[in-house]
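The values are calculated or read from the model by the stated rules, or taken from the named source; none is laboratory data. Computed from a prediction, not measured in an experiment: that's the story for all the values here. We place every Cβ from the backbone using ideal geometry, glycine too, and count neighbours over all the protein chains shown. Just so you know, the surface numbers come from the protein's heavy atoms only, side chains and all, with ligands and any DNA or RNA stripped out. Shrake-Rupley method; radii C 1.70, N 1.55, O 1.52, S 1.80 Å.
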There are 2 protein chains.
Amino acid sequence: MSIQFEINATAGSARLGKLTTPHGVIETPVFMPVGTLASVKGVPQDVLEELGVQILLGNTYHLYLRPGVETVRRMGGLHGFMSWDRAILTDSGGFQVFSLNELRKVSEEGVTFRSHLDGSSHFFSPESAMAAQIGLGADIIMAFDECTEYPAERERARASMEMTLRWAERSKKYFEEHKNELPWKRDADVGTDAPGCPAERSSADVGFVPGPAASGALRTPGQPGASVPTWAHQTQSLFGIIQGGMDRELRRESALRTVEIGFPGYAIGGLSVGEPRELTREIVESTLEHLPADKPRYLMGVGTPEEIALYAQMGVDMMDCVLPTRAARHGLLFTSEGKVSIKQARYAQDAGPLDPNCGCRVCSRYSRAYLRHLYASNEVLAQVLNTVHNVTYYLDTMRAVRHAIQLGERARFLSEQSGPKP
Amino acid sequence: MSIQFEINATAGSARLGKLTTPHGVIETPVFMPVGTLASVKGVPQDVLEELGVQILLGNTYHLYLRPGVETVRRMGGLHGFMSWDRAILTDSGGFQVFSLNELRKVSEEGVTFRSHLDGSSHFFSPESAMAAQIGLGADIIMAFDECTEYPAERERARASMEMTLRWAERSKKYFEEHKNELPWKRDADVGTDAPGCPAERSSADVGFVPGPAASGALRTPGQPGASVPTWAHQTQSLFGIIQGGMDRELRRESALRTVEIGFPGYAIGGLSVGEPRELTREIVESTLEHLPADKPRYLMGVGTPEEIALYAQMGVDMMDCVLPTRAARHGLLFTSEGKVSIKQARYAQDAGPLDPNCGCRVCSRYSRAYLRHLYASNEVLAQVLNTVHNVTYYLDTMRAVRHAIQLGERARFLSEQSGPKP
């Protein structure tokens, strides 16, 4: 058993759920902040915990290049490496290979690409992408897919979709054969505590050890690797990815055939690649129809606060986006009164909080004038505080969505109770 | 009354003291982290509070250029502007004018210099430097001095010292005439609460208002300007600065004549300007002899952890240095086991904490491998975490020094008690 997903309330198409992972329970719909290189840029992990982040996203492509999968694996996987006890999801590396590499070469076998750091040549296949994600040890990992470019001819979109399907089968096959090799499982093994170097044990040591024995392997709290929970005998979960470009028929086919392969969760990929927002919404809607209701649905790489609320209402359970963190670095802040470009001179002597309706540690302590000064002076604290606020805003948006679903469910329940009497 | 200084224990030349300021009590000897532009680079104010920072240093030269004194003054001074309720000290701007401006022109009247940001021309005199520091509203401010270059001929050092003495008199005169104009005093005035814009009141409103009335002006906690304490009727304190180059006779004369002018505290300036460390120590020692024992002594701009411990043992009460924060940005970390250059490949898979004897939030959570990865990947979190650790290390060093003085005093007391019996 790797994850459990239960739906506790619905309102229209929206679902309020609980996703139980080896590293904690996630309330859905959930927004996952992006921690590309094992860090949500500028924000320490204890602050992320305080903000209520339940799951982070790491980028396999970036972590594969720096610090390298083997380093992360030896440190107990991403959880141990970055000292984060809660859930983590890694993408497959596919999207970055496609978006950061103009010189990539795609074949049936996989993708040859050049590092954006030093130009060195690398190769990702479904198998090597799985091996990388098993080494990184996230709770949820993604099948290796080809992100179809936009715009694309129908035949090109079909061919790309077909390859993604073949790669999904290969991803699943490799994962099933190797899913016991994950780095945090080893720590839960025989109660021996070998701090920091689980890799030194032979692979023969790696076996299924249920509950009680696992807790014997817990390390001193606060030290790297301390995150191994008592459910550490569980494994990662591999999600499939739906492609099919901007074609509803292809999306339908991709969904049905991916579901046929069978995964514990499904992602909608290949969107937010330059298409108009209305088209994104249409494709999301038409893809969701064909996904099983009892499995988590993850929409990759969207969007604005308005968009993530909308997609959640359409029945999406998980989302991620670099927008809150990237915008923060450019001084663009999301508030209940609209977007604020904090660099503007109009804020230079504005003593008010960034967002009067926000209770985050930034809005409750600092003035717009101070935030403007930090940004204008290129102070590092600007990025730290801006990111804390924007991530809070996204998390608050999802909290409000979950609350609305709960209320909607209660309203429906109450209206049924008070319905026409016999 | 502005500050109070009491000495509670001594051990050799070292003194354990309490410096009471309008924004809290400071245990001395104290190390003051540098917050050049109203921010200790990368570290939020709540973290500084948790680390036990009792007083911060701000740089008048930098704040004068960005965001400008008037902006800070309107926001309630530095305390309100950066939302920091504890004590602040500002330097006079003199040192930066000398170190950042090769084209400066010095006359009896003051210094003409060019902004390092845009080349614009500016002028600092003792009077304008005082006006700037009154507008910034730190608890302790510094007389405008000329930092004598190193090396300097004896006649040049004498002339420079003489001008610093004349500037000290002018600084004191201007301060005495204007010390009631500070930004946070206005808030303590008549119990009216005009959030964020104390400057709109007429200067006639500004008068001495003792204790109880002041508390009526307290603002909502967490909002800019919330820092006004009930002792807000107090004023800033102006410290004098001893110069005299590397000449013990000139230092003696500078000390005696500065003390004659009369200040509530004295700083030793003009050191750490390129001279050998042994010479620094000699000059500090020979200057300290001529400073009154009952006033705080501030050694400006030093040094390594070993040096600040040494100077505290010699009888220095206050120190500041950019070293812990600047070194952190270059990946140089101070630990109980010596300096660590975290960028080195040897730490790439080091699961141990940065400093096994440090209890800071960095050492208790993250591994050297993770810190090395953050630095090597140019992640902003590297600067944040490195700075938190280095500042902790400096503060811990001073805590240990204070503890040692306390123990030394107790040892002396005990040995007197158990002395030869009649």
*Between copies, how far does the label point of B:Arg326 sit from its twins, in nm, shortest first, when each point is 7 Å from Cα along Cα→Cβ?*
3.6
*Straight-distance crosslink candidates among aspartates and glutamates, where the alpha carbon sits under 13 Å from B:Lys339 and sequence neighbours closer than 8 are dropped*: B:Glu306, B:Asp355
*Once you have all Cα-Cα distances for the range B:65-189, histogram them in 5 Å bins from zero and send the whole-percent values.*
2, 11, 19, 21, 19, 14, 8, 4, 2, 0, 0
*Can you tell me the FRET efficiency between B:Arg326 and B:Arg66 if r is taken as the Cβ-Cβ distance and R0 is 22 Å, rounded to the nearest 0.05?*
0.70
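With every protein chain kept in the model, how would you rank B:Ser83, B:Ser121 by accessible area, 1.4 Å probe, largest at the top?
B:Ser121, B:Ser83
How much of the accessible area of chain B, probe 1.4 Å, is carbon plus sulfur, in whole percent?
Taking all protein chains in place, chain B shows 51 percent carbon and sulfur surface.
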*If you wrap a convex hull around the C-alpha atoms of the range B:1-80 and split its volume per residue, what is the figure in Å³?*
124 Å³
*Mind jotting down a quarter of the surface of the convex hull over the alpha carbons of the protein assembly as shown, in square nanometres, one decimal?*
46.4 nm²
_Surface/4 estimate of mean projected area, convex hull on alpha-carbon atoms of the range B:332-402, nm²_ = 4.2 nm²
*Å² per residue, accessible surface of the protein assembly as shown at 1.4 Å*: 38 Å²
_Nearest-first distances (nm) between copies at B:Asn180, label 7 Å from Cα via Cβ_ = 8.4
*Using modelled backbone amide H atoms (1.01 Å from N, in-plane), which distant-in-sequence or interchain residues come within less than 5 Å of A:Ala38's amide H?*
A:Asn59
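Set the bar at 30 Å for Cα to Cα. Now go through A:Lys105/A:Lys179; B:Lys18/B:Lys179; B:Lys105/B:Lys343; A:Lys105/A:Lys172 and name every pair that lies beyond it.
In this structure, B:Lys105/B:Lys343 exceed 30 Å between Cα atoms.
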*asked:* Using 0.36 nm times the number of residues separating B:Glu282 and B:Ala348, minus their current alpha carbon distance, what extension gain do you get?
replied: 19.5 nm
*asked:* Measuring nothing but label to label, 7 Å from Cα along Cα→Cβ, what are B:Gly359's distances to the other copies in nm, shortest first?
replied: 3.1
*Using the Cβ atoms and a cut-off under 14 Å, what net charge is assigned to the surroundings of A:Leu354, where Lys and Arg are +1 and Asp and Glu are -1?*
+3
